[in-house]
Amino acid sequence: QLSLFRLTMKRLFSTSHSSVDSKEMKKFQLLAHKWWDEEGEFSALHSMNDIRVPFIRDTLLNMSSNYHLGNPLSGVKILDVGCGGGLLSEPLGRLGASVTGIDPLEDNIRTADQHKSFDPVLAKRIQYKSSSLEEIVEESMETFDVIVASEVVEHVADLETFIKCCSQVLKPEGSLFITTINKTQLSYVLGIVVAEKIIGIVPEGTHEWEKFVPPEELERLLESNGFSVKTVNGMLYNPLSGSWSWMESTSVNYAMHAVKSGAQGQSSPTDALSEMESEQPSATAGTTV
Amino acid sequence: TSAVMAVVCGRGLLVPLRRRLRADPRAPLRSVTAAAAGPLYDVVVSGGGMVGSAMAAVLGHDIHFRDKKIALLEAGPRKEYDRMPDSYSNRVSSISPGSATLLSSFGAWDHVCSLRLKPFRRMQVWDACSEAMIVFEKDDLDDMGYIVENDVIMAALTKQLDAVADRVEVFYGSRAVGYTWPLPSHSCDTSPWVQIELADGRRLQTKLLIGADGHNSVVRKEAEIKTIEHRYDQSAVVATLHLSEATDNNVAWQRFLPTGPIALLPLSDTASSLVWSTSHEHASELLSMDEESFVDSINSAFWSNVNHSDFIDTAGAMFRSAISLLKPSGTAVRQLPPSVAKADPESRAMFPLGMGHATEYVQHRVALIGDAAHRVHPLAGQGVNLGFGDIACLAHHLSAAAFNGSDLGSLKHLLKFETERQRHNVSLIAAIDVLKRLYSTRLAPLVLLRTWGLQATNALPPVKVRI
């Protein structure tokens, strides 16, 4: 109750459009201590790691030339937006990345902090902060190599603001990974009716169909805000086996990988190319703005 | 035995439903009382025998475990294997080609080959009560298997463990006396790791405990995992034997006597290893008799036909001619086993036999491999190979889990290991048990059954290949 009050106060005093929706936060408040029960309410998110972690890992490995045996993501700075209890931050940390996990709900951050505290390696590699994306923008301009926003964009209040903020904290040519739910009849039937009301693999009321984001719209928003969408893959959950798999069709769940353009938020490929030719070739060599 | 199989398979059937139907996650009952200090390891292997050492070595050489910390706990002292003694050790194992592949995957097989081993090309198995015989042979020039002294395997494993000493810490003279299990991770104010207490008071913590501590596994008992166990009324007598004359000696011989199977496993052109499973009384007799009588007993066990009966012989001969009409190549040529001249003086020893199978191979943060999970009769020469098979499977799943950044102690991938191995092991273990019982009798109907069965199996290549 106290943290909810604090959250509401924070929202009243925030100056920019907030991407945080307080109604959404209330829903997750009740489940804040249940994140790490692999067989509980969040079991589908736990098993989603089996496809989203390899997706992120392999995409990043394909893009980079150096590989540290045993620590494939060593040296990569990742921002996990809407990290919840840290379900995705921890595997990424184990693979060697430096992870910053942010979530507007303090209880989630508390759960996440407590869970990582027993593993000295993770405790060092992962930092959690109770915060919205906008609140860290100023101190984190172009800080991160990678942003992951998994099962988050269907809960934000203002998607375009969210994407703009992502762009601001991401280094040029940095990667943005999003997983979310499509807005189709099928996703209504499977994602809400079946998942929430019938089988109950997602706590009831978690999702609102109105806020689901079709991949075309997400792609449009990304491309018009300085991103170039590289991959879109459909995902499917099998409730009998409790496992996720990739699928051609994006009509229910999907994952998207986009790359922030190299300079000045140019979105057209030819412009980006000529810009890059006249600038520093490596993204890690410091940016000239 | 079908009841046995039903019980151990039943859990396998429940696996897909486990996540939905189970109210409590499967975790050992005791919980951590105080957060105990102690260095934290990613994997601790308890038991430094052939299977435990190989498990630690395989993980230590895995590329996805480069930055992980592994510990191996062995109660005994470190043995130096600089030089192999000239005489052969009396404990040997039959290593299958699959096990050899595993050992070569981390460089141990090369060491074995540079020390000593004996490949064999052919295996002849026959009955004392009839003429029935089955011969296993590879058509191509590959080896069927290898007879290797256990000390040689340990020497190779120790060398490969030394090679990754920066990742794998071996604790010699360290017996674990207590394990404390974590509660399932979601409810923790206390440590989520397995706490291990050693006899000298030292403590360790680990994310995954692998029990490779033999058929009386402490890990298994402390985890309260039930086993289906049965002590056979048999002991195995082992010895190192010298043959009457040098021969190619690339055949493994086994004859089923009513008291139990006697096997001669080749060590070199002039030496073979004896594994004779028989009653406890007979085993003690064999150990106490003088060398000449001992050698006579062995030769007579292989050569004498005193257990034949005319009835069985005739029935067997009829069946054989029937087979040769249907399948001309279905009866193989019977070779004669070599005769034994001497036995190494200090090499006679005996140990009791039994079978066992753990109902579960895994729990949250715990996995059992080797004899800790399953114990079999030596008649099929499968014991250590099952253990090596466990290692290959578990290492595969752990490697994938490490590359996915998963929590190594998570039941998700441990259950996959359990399902795969139980599926493979249960039928083999049950079959070995059935064979043992089937061949322990002189009763004519059963002898006939196994005679015809053996002859039929010998004639059918597809069945033989599967074996």
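The numbers here are math on the coordinates, done by the rules we state, and not lab data. None of these values were measured; they are calculated from a predicted model. Positions of Cβ are generated from backbone atoms using ideal geometry, with glycine treated the same way; all protein chains shown enter the neighbour counts.
Structure above, values below:
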read-out	value
Relative contact order %, chain B, counting alpha carbon pairs below 8 Å whose residues are six or more apart	22 percent
Gain upon complete extension [B:ARG91, B:ALA199; 0.36 nm per residue less C-alpha separation]	36.0 nm
Gyration tensor (Cα) of the range A:47-91, equivalent ellipsoid semi-axes in angstrom	20, 12, 9
Alpha carbon Rg of the range A:84-188, scaled by the compact-globule rule 2.2 N^0.38 Å	1.11
Cβ-based exposure ranking for A:ARG94, B:ARG83, in which fewest neighbours within 10 Å come first	B:ARG83, A:ARG94
Per-peptide average of other Cβ atoms within 10 Å, ordering B:293-306, A:133-146 highest first	A:133-146, B:293-306
log₁₀ of I(q)/I(0) at q = 0.31 Å⁻¹ - the range B:75-132, Debye sum with one point per alpha carbon	-1.30
Shielding by partners - mean other protein chain Cβ count within 10 Å, residues of B:287-293	0
For chain B, convex hull of alpha carbons as volume per residue, Å³	157 Å³
Calculated FRET efficiency for the pair A:SER241/B:SER288, C-beta based, R₀ 60 Å, to 0.05	0.50
Mean Cβ neighbour count within 10 Å, used as a protection proxy, ranking B:116-122, B:317-323, B:76-82, B:413-419 highest first	B:413-419, B:116-122, B:317-323, B:76-82
Cα long-axis angle, helix B:411-438 against chain B (0 to 90 degrees, to the nearest 10)	20 degrees
Radius of gyration and Dmax over the Cα atoms of the range A:13-140, both given in Å	15.2, 47
Averaged over A:112-121, number of beta-carbon atoms from partner chains that fall within 10 Å	3
Surface/4 of the Cα convex hull for the range B:216-258, nm²	6.1 nm²
Average Cα contact separation per residue, the range B:62-197, under 8 Å, 6 or more apart, as relative contact order %	35 percent
Taking B:THR278, B:THR158 and counting other C-beta atoms within 10 Å, the order from fewest to most	B:THR158, B:THR278
Chain B - share of DSSP beta bridges that are antiparallel (%, nearest 5)	70 percent
If the convex hull is drawn through the Cα atoms of the range A:70-130, its volume per residue in Å³	59 Å³
Distribution of pairwise C-alpha distances over the range B:132-174, 5 Å bins, in %	5, 15, 14, 16, 12, 11, 9, 7, 8, 4, 1
For B:GLU291, B:GLU169, order by how many other beta-carbon atoms lie within 10 Å, fewest first	B:GLU291, B:GLU169
Debye, to nearest 20: dipole size of the range B:135-180, +1 on Lys, Arg Cβ, -1 on Asp, Glu Cβ	480 debye
Within straight-line cross-link reach of A:LYS77, aspartates and glutamates at Cα separation under 12 Å, skipping those fewer than 8 residues along the same chain	A:GLU142, A:ASP145
Using alpha-carbon coordinates, inclination of helix B:383-403 to the longest axis of chain B, degrees	30 degrees
Debye intensity ratio in log₁₀ form over the Cα atoms of the range A:116-161, taken at each q of 0.26, 0.29 Å⁻¹	-1.17, -1.20
Cα long-axis angle, helix B:50-60 against chain B (0 to 90 degrees, to the nearest 10)	50 degrees
Principal axes of the range B:188-238: Cα extent on each, largest first, Å	50, 25, 15
Peptide A:92-103 - average C-beta neighbours from other chains (10 Å radius)	2
Sorted largest first, extent of the range B:337-414 alpha carbons per principal axis (Å)	59, 24, 23
